[in-house]
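Q: Dropping a structure here in structure tokens format, bear with me for questions.
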Amino acid sequence: MLRLTDQVLRSVALPKPGKRRELIDARCSGLAFRVTDQGARSFSFRFRDPKTRRVGRVTLGPYPDLTLSKAREKADELRGQVANGINPAEVRKRERDTAASRSFGAVAARYIEEHAKRRNRPSTIEGVERNLNLHILPHFGKHRHIDSIERGDIVELTEKLIAAGTPVTANRVQTLIGTIYSFALDAGLTKGNPCSRLRKRGTEKPATRVLNDDELRLFWKRAPVPPLTRQTGLALRLILLTGCRPGEIAGLRRSELENFDDAETALFQLPGERTKNKLAHVVPLTAFARDTIAAALELIDAKEEFIFPTRLKRGGPMRAHSLTVAMRRIGTVATGPGAGTWKAALPSPHDLRRTASTRLSALGIPGEDIDAVLNHKPGGTRNKHYNQYDRLPEKRRALTAWAGSLAGIIGNGGI
């Protein structure tokens with residue numbers, strides 16, 4: 001034991017390989033200085049547990065980043081804890097555990113498990129996880145404490161996304177961050193929401209993309225062939241034929257099919273937990289749609305539940321985002337009539353749904369029947385609580401008319 005000084009600390013010789021050298025400060029009880037064979041120098045505090053009397057140690061920090069005077073101050077503080085019957089090593093462990101549980105990554109994981117997965121559709125959860133893993137966590141870091149993220153950090157991230165040409169994504173990311181903080185507030189994990197009253201910075205234009213006849217012919221021809229898989233192409237075709245949302249088609253199950261072998265009554269029924277508005281949706285199947293599903297069933301094993309299964313090892317249904325990627329890939333190989341407008345404004349899977357809706361309107365289908373095909377929530381108390389008619393005959397007539405019109409446009413396109 002000797003009185004430590006900076007001159008002593010700097011002059012301590014390195015120990016033999018595999019060994020450590022330790023000096024105990026005579027001026028500050030419990031303060032120790034260690035040197036490794038690699039030259040690492042650090043302070044620690046040695047103490048006896050007030051209850052068990054076992055020797056413990058708490059690392060204070062590296063020298064010279066932590067000065068000798070600051071190390072003595074820390075040691076004095078910890079020695080006070082021991083005198084009050086507190087084990088400082090246990091205090092440090094609790095602090096580390098608390099910090100880990102309040103990291104942004106940990107809170108976001110709790111939000112997904114305790115909120116998103118209980119209240120949202122699979123496609124919505126998929127989008128949340130994609131934005132979290134692709135944009136938010138790489139920017140903030142998983143281990144950053146949730147209270148250390150400020151308003152300016154969020155603005156920086158959204159502006160980065162806007163500069164990359166994705167203003168809609170920027171707004172979705174900001175909304176997600178704000179939702180995670182609202183969850184954290186309710187759970188008592190933070191005291192504020194940096195997104196509170198923060199205006200969305202991305203400018204969004206109303207979606208109006210509808211495929212013209214040339215694009216429809218191009219789409220029908222290119223959808224089930226490389227660079228797309230046949231399975232993906234059939235899923236995209238089914239969106240166009242039924243007007244369903246991409247996530248609803250991506251997650252289609254065998255058990256949702258009814259009367260599939262009967263051309264007059266074939267349909268699939270989506271439960272409320274798989275639809276955006278939480279309302280069950282009955283979708284009549286035209287011959288065109290039945291042939292499309294039959295072709296998809298030929299690509300999977302008889303025991304597989306999902307009609308459009310993922311190609312990943314984790315199992316489950318195809319991701320809705322895979323359909324978005326597939327529509328972009330069509331643009332990389334598109335040639336001939338329709339290719340120019342396709343590439344100038346790349347359509348999305350949702351644009352197929354919008355195209356079906358627009359074409360139904362052009363065929364003179366009444367608006368209430370189109371809303372029924374799209375599973376749009378009817379307005380008013382009467383419709384919401386008392387009118388439970390599913391308009392199945394009207395939907396079948398509407399989709400049959402659309403299938404006939406599409407067949408006339410694409411010609412002998414085949415399945």
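Q: Take L228 and tell me if it is hydrophobic (A, V, I, L, M, F, W, C), in contact (Cβ under 8 Å) with a residue 40 or more places away in the chain and surrounded by 17 or more Cβ atoms within 10 Å (Cβ to Cβ). Give the steps one after another, and end with the answer.
A: Details: hydrophobic (A, V, I, L, M, F, W, C): yes; in contact (Cβ under 8 Å) with a residue 40 or more places away in the chain: yes; surrounded by 17 or more Cβ atoms within 10 Å (Cβ to Cβ): yes.
Spelling it out, L228 is indeed hydrophobic (A, V, I, L, M, F, W, C), in contact (Cβ under 8 Å) with a residue 40 or more places away in the chain and surrounded by 17 or more Cβ atoms within 10 Å (Cβ to Cβ).
Q: From (1) small (G, A, S); (2) out of contact with any Gly (no Cβ under 9 Å at 6 or more places or on another chain); (3) assigned to a loop (DSSP other than H, G, I, E, B), pick out the condition that doesn't hold for S182.
A: (3)
Q: So, one more: Would you be able to tell me the number of residues in region 283-335 that are of a type outside the set (A, V, I, L, M), within 20 Å of R121 (Cα to Cα) and part of a loop (DSSP other than H, G, I, E, B)?
A: Quick first cut of region 283-335, residues of a type outside the set (A, V, I, L, M) only: 284, 286, 288, 290-292, 298, 301, 303-306, 308-311, 313-317, 319, 321-322, 324, 328-329, 331-332, 335.
When the remaining residues are screened for being within 20 Å of R121 (Cα to Cα), the result is 305-306, 308-310, 314-317, 319, 321-322, 324.
Filter once more, so that each one left must be part of a loop (DSSP other than H, G, I, E, B): 305, 308, 310, 314-316, 319.
So the answer is 7.
Q: So, H350, is that one modelled with pLDDT under 95, touching a Lys or Arg at 6+ places or on another chain (Cβ under 9 Å) and surrounded by 12 or more Cβ atoms within 10 Å (Cβ to Cβ) or not? Write out each step before concluding.
A: On the way: modelled with pLDDT under 95: no; touching a Lys or Arg at 6+ places or on another chain (Cβ under 9 Å): yes; surrounded by 12 or more Cβ atoms within 10 Å (Cβ to Cβ): yes.
Spelling it out, it is not the case that H350 is modelled with pLDDT under 95, touching a Lys or Arg at 6+ places or on another chain (Cβ under 9 Å) and surrounded by 12 or more Cβ atoms within 10 Å (Cβ to Cβ).
Q: Kindly indicate which of T242, T232, T265 is under 12 Å from T292 (Cβ atoms) and assigned by TED's automatic domain parsing to the domain that holds A401.
A: Values: T232 fails: under 12 Å from T292 (Cβ atoms); T265 fails: under 12 Å from T292 (Cβ atoms).
Step by step, each of T242, T232, T265 is checked, and only T242 is under 12 Å from T292 (Cβ atoms) and assigned by TED's automatic domain parsing to the domain that holds A401.
Q: Identify all residues within region 200-219 that are more than 15 Å from K343 (Cβ to Cβ) and within 30 Å of the chain's Cα centre (by Cα); write none if there are none.
A: K200, R201, G202, T203, E204, K205, P206, A207, T208, V210
Q: Residues that are without any contact (Cβ under 8 Å) to a residue 24 or more places away in the chain and under 30 Å from K278 (Cβ atoms), at least 2 per element: which helices (runs of 4 or more DSSP H) completely within region 107-165 meet that? Give the derivation first.
A: Working: elements: 122-131, 137-140, 151-163.
Here the list reads 122-131.
Q: While we're on this one: Here is a check on your reading of the model: is S196 in the same structural domain as E156 (by TED's automatic domain parsing) and within 29 Å of A164 (Cα to Cα)? Before the answer, list the steps.
A: On the way: in the same structural domain as E156 (by TED's automatic domain parsing): no; within 29 Å of A164 (Cα to Cα): yes.
Considered against the rule, which asks whether it is in the same structural domain as E156 (by TED's automatic domain parsing) and within 29 Å of A164 (Cα to Cα), S196 comes out as no.
Q: Another one. Quick check: is even one residue across region 55-65 assigned to a strand (DSSP E or B), without any contact (Cβ under 8 Å) to a residue 12 or more places away in the chain and not small (G, A, S)? Show your work before the answer.
A: Step one: list which residues in region 55-65 are assigned to a strand (DSSP E or B), which gives 55-62.
Retained after the next criterion (residues that are without any contact (Cβ under 8 Å) to a residue 12 or more places away in the chain): 55.
Narrowing further to those that are not small (G, A, S): 55.
Yes, the conditions are met somewhere in region 55-65.
The rows are residues; the columns are (1) among the charged types (D, E, K, R); (2) surrounded by fewer than 14 Cβ atoms within 10 Å (Cβ to Cβ).
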position	(1), (2)
R72	yes, no
A83	no, yes
S101	no, yes
L132	no, no
A170	no, no
A184	no, no
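Q: Can you tell me which residues in region 220-237 are of a type in the set (D, E, K, R) and more than 16 Å from H321 (Cα to Cα)?
A: Initial filter on region 220-237 (of a type in the set (D, E, K, R)): 221-222, 230, 237.
Of everything in region 220-237, those that are of a type in the set (D, E, K, R) and more than 16 Å from H321 (Cα to Cα) turn out to be K221, R222, R230.
Q: Looking at region 347-366, I want the residues that are under 14 Å from I249 (Cβ atoms) and in the same structural domain as A326 (by TED's automatic domain parsing) and have a partner that is assigned to a helix (DSSP H, G or I) and β-branched (V, I, T) with Cβ atoms under 7 Å, at least 6 apart or on another chain. Which pairs are those?
A: Here the result reads S348/T324; P349/I239; P349/T324; L352/I239; R353/I239, each pair linking region 347-366 to a residue that is assigned to a helix (DSSP H, G or I) and β-branched (V, I, T).
Q: Then there's this: Restricting the search to region 293-343, which residues are of a type in the set (F, W, Y), touching a strand residue (DSSP E or B) at 6+ places or on another chain (Cβ under 9 Å) and within 22 Å of K221 (Cβ to Cβ)?
A: Residue satisfying the conditions is F308 alone.
Q: Checking the conditions here, which among L4, L23, L9 is surrounded by 10 or more Cβ atoms within 10 Å (Cβ to Cβ), in contact with a helix residue (DSSP H, G or I) (Cβ under 8 Å, 6 or more places away or on another chain) and in a loop (DSSP other than H, G, I, E, B)? It would help to see each step written out before you state the result.
A: Numbers: L23 fails: in a loop (DSSP other than H, G, I, E, B); L9 fails: in a loop (DSSP other than H, G, I, E, B).
Of the residues listed, the single one that is surrounded by 10 or more Cβ atoms within 10 Å (Cβ to Cβ), in contact with a helix residue (DSSP H, G or I) (Cβ under 8 Å, 6 or more places away or on another chain) and in a loop (DSSP other than H, G, I, E, B) is L4.
Q: Hey, any hits in region 319-342 for a residue that's within 29 Å of the chain's Cα centre (by Cα), surrounded by fewer than 17 Cβ atoms within 10 Å (Cβ to Cβ) and on the phi > 0 side of the Ramachandran plot?
A: No, region 319-342 has no match at all.
Q: Name the residues in region 133-186 that are charged (D, E, K, R) and farther than 17 Å from R201 by Cβ, would you?
A: To start, the set of residues in region 133-186 that are charged (D, E, K, R) comprises 142, 144, 147, 150-151, 153, 156, 159-160, 172, 186.
Within region 133-186, K142, R144, D147, D186 qualify.
Q: Then there's this: If only one of T208, T179, T166 is of a type outside the set (K, R) and within 13 Å of V107 (Cβ to Cβ), which one is it?
A: Values: T208 fails: within 13 Å of V107 (Cβ to Cβ); T166 fails: within 13 Å of V107 (Cβ to Cβ).
Criteria check complete, one pass: T179.
Q: V91 is checked against (1) without any contact (Cβ under 8 Å) to a residue 40 or more places away in the chain; (2) in a helix (DSSP H, G or I); (3) among the hydrophobic types (A, V, I, L, M, F, W, C); (4) crowded, with 18+ Cβ neighbours inside 10 Å and fails just one. What number does that condition carry?
A: Every condition holds for V91 apart from (4).
Q: Just one of the numbered conditions (1) closer than 25 Å to L346 by Cβ; (2) not assigned by TED's automatic domain parsing to the domain that holds P349 is not true of S148; which one?
A: Failing condition for S148: (1).
Q: What's the total number of residues in region 7-23 that are more than 52 Å from the chain's Cα centre (by Cα) and of a type outside the set (S, T, N, Q)?
A: Going through region 7-23, the residues more than 52 Å from the chain's Cα centre (by Cα) turn out to be 7-8, 11-13.
Subset that is of a type outside the set (S, T, N, Q): 8, 12-13.
Total meeting the criteria: 3.
Q: Suppose the filter is of a type in the set (G, A, S) and more than 19 Å from the chain's Cα centre (by Cα); does A250 pass it?
A: Details: of a type in the set (G, A, S): yes; more than 19 Å from the chain's Cα centre (by Cα): no.
No, not satisfied.
The values are calculated or read from the model by the stated rules, or taken from the named source; none is laboratory data. Nothing here was measured: the structure is a model prediction, and the numbers come from that model. All Cβ positions, even for glycine, are placed from backbone atoms using ideal geometry, and neighbour counts span all protein chains on display.
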